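The values are calculated or read from the model by the stated rules, or taken from the named source; none is laboratory data. Only a predicted model underlies this, so the values are computations on that prediction, with no experimental measurement involved. These accessible areas exclude ligands, DNA and RNA; they are computed on the full protein's heavy atoms, side chains included. Shrake-Rupley method; radii C 1.70, N 1.55, O 1.52, S 1.80 Å.
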Amino acid sequence: MGVRLIKIAAVYFLIAVLFGMYMSMTQHFEFKGIHAHLALLGWASLAIAGLIYHLFPAAAQHRLGTLHFWLHNVGLPVMMIGLLGLTLGNPAFEAVIAIGAIVTIVGVLLFTVNVFKNVS
């Protein structure tokens with residue numbers, strides 16, 4: 001589980017850096033919220049979670065770890081698609097952001113419970 005999260009985090013890192021480069025080259029800084037979420041919720045958070053799961057295999061093997069993995073990695077892209085749609089001017093995407101954010105938050109909540117329960 002830990003290694004998978006680290007690898008996915010590296011993909012989010014690449015996407016965030018490329019997105020940042022795109023914003024810089026085109027001067028389209030209205031996408032800074034997407035860039036920041038990709039870097040923090042994608043790269044940083046998932047890399048740290050991956051390291052924790054690697055160091056504490058009991059947390060990685062627990063059902064909470066699996067649920068965290070899937071909820072975080074489904075919710076974040078949905079939230080980013082919604083934020084992109086909203087940034088491009090379509091207010092209907094607010095609902096997509098909300099759905100993705102709730103799924104991601106539940107994943108982070110389960111990660112937190114998992115850490116308190118299985119990391120010692």
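At 1.4 Å probe size, put Val74, Val103 in order of accessible surface, largest to smallest.
Final ranking, largest accessible area leading: Val74, Val103.
In degrees from 0 to 90, rounded to the nearest 10, what is the angle of the helix 2-26 Cα long axis to the longest principal axis of the chain?
Approximately 10 degrees, to the nearest ten.
Once the Cα atoms of helix 94-118 and of the chain are each reduced to a long axis, what angle between those two axes, in degrees from 0 to 90 to the nearest 10, is obtained?
20
How far, in degrees from 0 to 90, does helix 63-87 lean away from the longest principal axis of the Cα atoms of the chain, to the nearest 10?
Its long axis makes an angle of about 10 degrees.
What does the convex hull of the Cα atoms come to per residue for the chain, in Å³?
Cα convex hull per residue, to the nearest whole number: 75 Å³.
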